[in-house]
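Take a look at the following structure, please.
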Amino acid sequence: MSLARSFSTWRQYRNTAAELNRLSQRELADLGIARSDIPAIARQAVRS
């Protein structure tokens, strides 16, 4: 994987995790997501 692609993937992961972390507990619960699941969900989103 090239350096540029690695950076792009990392940035996408970071943005996804940040967006999910901005949600309230109630919003996360409505989506069926626990706050502790955010890193795994963000990694999965990057791979998709």
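Bear in mind that the values in this text are calculations on the coordinates, not laboratory data. What you see is a predicted model; the values in this text were computed from it and never measured. Here the Cβ positions follow ideal geometry from the backbone for every residue, glycine too, while neighbour counts run over all protein chains shown.
Per the Cauchy relation, a quarter of the hull surface: what is the mean projected area of the convex hull of the alpha carbons in the chain, in nm²?
3.3 nm²
Rank the residues 9, 16 as a footprinting-exposure proxy: fewest other Cβ atoms within 10 Å of their Cβ go first.
Fewest to most other Cβ atoms nearby, the residues stand as 9, 16.
Report the relative contact order of the chain, percent, no decimals, based on alpha-carbon pairs under 8 angstrom and at least 6 residues apart.
The value is 47 percent.
Tilt of helix 3-22 relative to the longest C-alpha principal axis of the chain, in degrees (0 to 90, nearest 10)?
That works out to roughly 10 degrees.
Stretched out fully, how many nm does the piece from residue 12 to residue 45 gain, at 0.36 nm a residue minus the Cα gap?
11.0 nm
If Lys and Arg each add +1 and Asp and Glu each add -1, what is the summed charge of the other residues whose beta carbon sits under 14 Å from the beta carbon of residue 38?
Result for the neighbourhood of residue 38: +1.
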